[in-house]
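The values are calculated or read from the model by the stated rules, or taken from the named source; none is laboratory data. The structure displayed is predicted, hence computed values, not measured ones. Note that each Cβ is placed from the backbone with ideal geometry, even for glycine, and that neighbours are counted across all protein chains shown.
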Amino acid sequence: MAVSSIMIKDVPKEDRPRERLLQLGSAHLSNQELLAILLGSGTKEESVMVLSNRVLMHFEGLKLLNDATIEELMAIKGIGEAKGVLMLSAIELGKRMNQYKSNDRYIVRSPEDGADYVMEEMRSLNQEHFVVLFLNTKNQIIHRQTIFIGSLNASIVHPREVYREAVKRSAASIIVAHNHPSGDPSPSQEDIHVTRRLVESGKMIGIEVLDHLIIGDRKFISLKEKGYL
C-alpha cells in the first residue's frame, strides 16, 4: 500500500492524532499531528497526515505559515476555502493569545523583561517596527505604541514623536525597541545614532531612556548592556 493512500482509518487507533492528544496531551504532538487535527480530513488520494505534511513542507515549517494568506493556502491541493479559513482563524487566534497581557501592569526589572514583553509579537514581523514602551516611576508599563514602520532612520524616527506621547502619558521613562526581520539583532550604526539622539533629547525634558532593545528571532541585544546609553 502506498504511503499516500493510507487513510486515518487504516492507522491503529492509539496512533491517531486525536487519540494521542487525548491520551498524552497536545504538547506531545508534532506540528504535523496538530495540523492534521485542525484540517480534519484529507482527500480521496491521501490521508490528512500526508496533507498536513505537504502544507508544512510548502511553508518550510511554521514560520512562513504564520504569515500565510487565504490565496496561498488554497493554492495547495487539498486545501479548499473552508480548510483555509479554519487555518487562518487558528493562526490569528494564536497570535492574539501570544500578544495577550494581564490586566496587572507589567514590571520591567531587566532587559530580559522588556524583551519578553515584545518578543513574540515582534520577532516574526517582515518589516522593521519601532516600538516605545512608556513606564511609570515603578517601572510598570503604562502604554505601548508603534511609532514607525520601516527601515530605522534618524531623520524619520524623530524624538518629538516619542516624547510627545511620553508627556501625554506622564511617563517617567521609556524603553524603545525595534526588530530586525533578518533575525540577527546586531546593532547598526544607525541604530546607535538613533539611540544616542533619543537619550540626549530625553535628558533635556527629564524622561530617561532605560534601554533600546533590538529584537531578533528569539534573541535580542540590549544597547544599554552594550554601553551605548
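Structure summary
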{"item": "Residue match in segment 88-103 (condition: surrounded by fewer than 19 Cβ atoms within 10 Å (Cβ to Cβ), more than 14 Å from D211 (Cβ to Cβ) and touching a strand residue (DSSP E or B) at 6+ places or on another chain (Cβ under 9 Å))", "result": "yes"}
{"item": "Restricting segment 111-141 to residues that are within 22 Å of Y228 (Cα to Cα) and small (G, A, S), the residue that is surrounded by the most Cβ atoms within 10 Å (Cβ to Cβ)", "result": "G114"}
{"item": "Single residue of segment 176-205 satisfying the filter (outside any loop (DSSP other than H, G, I, E, B) and under 12 Å from I215 (Cβ atoms)) that is modelled with the lowest pLDDT", "result": "D191"}
{"item": "Matching residues, segment 162-176, being closer than 18 Å to Y117 by Cα and touching a His at 6+ places or on another chain (Cβ under 7 Å)", "result": "V176"}
